[in-house]
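Each reported figure results from applying straightforward, stated rules to the coordinates on display, with no laboratory input. Quantities reported herein were computed from a predicted structural model and do not represent experimental measurements. Cβ sites come from the backbone with ideal geometry, for glycine too, and all protein chains shown count toward neighbours.
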Amino acid sequence: MRIIGGNLKGKKILLPADKNTRPLRDLVKESIFNIIDHNYQDNLIIKGSNVLDLFSGSGSFGLECFSRGSENITFIENYKKATEILKKNILKSKAEKNCKIIEHDCFDFLNSKMKISFKYDLIFIDPPYREKKINIIIDKILKNKLLKKNGLIIIHRHKNDDVIINEKLNILDKRLYGVSKIIFGN
């Protein structure tokens with residue numbers, strides 16, 4: 001696993017040794033950023049953006065954003081082994097000033113009254129494939145107004161996932177890459 005673009009292009013990302021996290025494959029990550037660059041560049045500029053990486057694991061998505069110029073990245077992860085690796089990846093990338101890790105369950109975080117410093121330009125949702133409460137996450141993001149007006153939500157699911165995304169999210173695009181389904185919305 002590596003950073004595929006930006007200032008840190010080629011830098012390796014550490015992964016937890018166990019199989020309790022599922023890393024975002026480089027091909028899928030590269031495709032996501034190509035789509036952002038070619039389809040949403042007028043509305044979403046990565047440089048200077050605020051990014052929320054939910055179920056962040058090793059942090060590959062958020063660190064990819066940092067490499068491409070994102071200003072603030074908030075990582076939400078509650079699996080201790082993943083947060084240990086995430087901290088190492090942030091230090092290795094010299095991104096400590098731009099990154100905040102919240103070691104909390106995503107649902108608890110979205111339900112809490114935690115102070116959120118800003119709205120996000122980009123929100124990446126990458127829960128375990130077995131997680132079926134995607135619409136609850138979307139509802140909380142929209143209710144708490146975490147997404148900027150021209151922001152983008154990206155959801156990573158298994159291609160056979162049968163959860164129907166509710167109509168509150170305006171789906172802009174869906175793509176399949178191997179076993180991954182990527183949904184873009186706002």
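For the chain, modelled as a GNM with alpha-carbon contacts under 10 angstrom, which of 80, 143, 19 fluctuates the most? Result: 19 has the largest fluctuation of those listed. Taking 0.36 nm per residue of separation and subtracting the current Cα-Cα distance, fully stretching the chain between residue 22 and residue 81 would add 20.0 nm.
Close amide H partners of residue 120, meaning residues 5 or more places away or on another chain with modelled amide H under 5 Å apart, are 147, 148. Using θ = phi - 60° in the Karplus curve 6.51 cos²θ - 1.76 cosθ + 1.60, the 3J(HN,Hα) couplings for the range 79-95 round to 7, 4, 5, 5, 5, 4, 5, 4, 4, 5, 5, 5, 4, 4, 8, 6, 10 Hz; x is entered for Gly and Pro.
Short-range pairs are left out: with C-alpha atoms under 8 Å and at least six residues apart, the relative contact order of the range 26-185 is 20 percent. Between the alpha-carbon centres of the range 1-64 and the range 122-161 there is a gap of 16 Å. With 0.36 nm allotted per residue and the present C-alpha distance subtracted, the residue 140-residue 162 stretch has 5.9 nm of extension available. From the coordinates of this entry, Cα extents along the principal axes in Å is computed, and it appears in [x] 60, 46, 25; [y] 66, 33, 21; [z] 40, 34, 34 under the label [z]. With both labels modelled 7 Å from their Cα along Cα-to-Cβ, the residue 7 to residue 100 distance reads 2.0 nm.
Which pairs, out of 11/174; 11/119; 11/145; 29/87; 94/181; 29/148, put more than 27 Å between their alpha-carbon atoms? Intermediate values should be presented prior to the final figure.
Details: 11/174 29 Å; 11/119 29 Å; 11/145 34 Å; 29/87 20 Å; 94/181 31 Å; 29/148 22 Å.
Beyond 27 Å between Cα atoms: 11/174; 11/119; 11/145; 94/181.
How large is the helix-only mean residue ellipticity at 222 nm for the chain, computed as the sum of -39500 (n - 2.57) over DSSP H runs with n ≥ 4, divided by its residue count, in deg cm²/dmol to the nearest 500? Please report the intermediate quantities before stating the final value.
Numbers: 5 runs with 51 residues, N = 186.
Taken over the chain, the calculation gives -8000 deg cm²/dmol.
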